Amino acid sequence: MSTVSTAGMRAARLVSAGLILLVLSSVPAGAGSTEKPGLTRVLQAGGVVLVLRHAATDFSKPDEDPVDLDDCRTQRNLSAQGRADARTIGRGVRRLRLRVSSVLTSAFCRTGETARLAFGRARVSPALLNTITSPHDARWRAQIRAARRLLGTRPDRGTVTVLVTHGVVVSDATGLALDEGETLVFRPLGSSRYRLLGRVLPREWRTLRAAP
């Protein structure tokens, strides 16, 4: 049985300004948080990595202490709105006819369900596991390095890689924050380097249309 303890670790999430500056230095100059014109064409051309925070969750049922990764009943799971949002993302991806290659997720149920509802499949990657309770030790540093490698790895030509994870993992790896269900679009540059191209909220997938 796999568990994640939460006792005494939440204070570790107060990331220092120095760490934020260090993390942001891994993102090349020109990366921004504003969606850029032509994002639809960028998505359709492929060669990008989509990083999703799991869809909306039911905060009335928080993660237990400890969490059993094999038992969804011990975890905060998707709400009805979250499941609807995941399906909306999936319809948008299909409307744009994106060629999705790998779909990697955290081992938590809310990430796996988001991936399956949106993309029809999911494969667990330890690099995407929730770090909310992790001390900033050697194991945490190794995981964040692994997450950055995924962000910097180019997918096969014309395809997109999907990573479904937690907001804190994205923050730890990139210094960026995102809402539940939000997608960040990155251009992987190799060697754990990447450039942020845009953001897509769940409802915005409805407005994206395939380029003629």
quick note, segment 58-212, DSSP beta bridge pairs, % antiparallel (nearest 5) is 55
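If each residue of separation counts as 0.36 nm, what is the full-extension length gain between residue 159 and residue 73 once their alpha-carbon separation is subtracted? Can you show the working numbers first?
Working: separation 86, 0.36 × 86 = 30.96 nm, distance 3.50 nm.
Length gained, residue 159 through residue 73: 27.5 nm.
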So residue 179 and residue 40, fully extended at 0.36 nm per residue minus their Cα-Cα distance, gain in nm 48.0 nm
In whole percent, the fraction of accessible protein surface over segment 169-212 that belongs to carbon or sulfur atoms, probe radius 1.4 Å, stands at 48
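Counting only heavy atoms of protein chains, what accessible area per residue, in Å², does segment 61-212 have with a probe of 1.4 Å?
45
The values are calculated or read from the model by the stated rules, or taken from the named source; none is laboratory data. What you are looking at is a predicted structure, and each value in this text was computed from that prediction instead of being measured. Heads up: the accessible areas ignore ligands, DNA and RNA and are worked out on the full protein's heavy atoms, side chains in. Shrake-Rupley method; radii C 1.70, N 1.55, O 1.52, S 1.80 Å.
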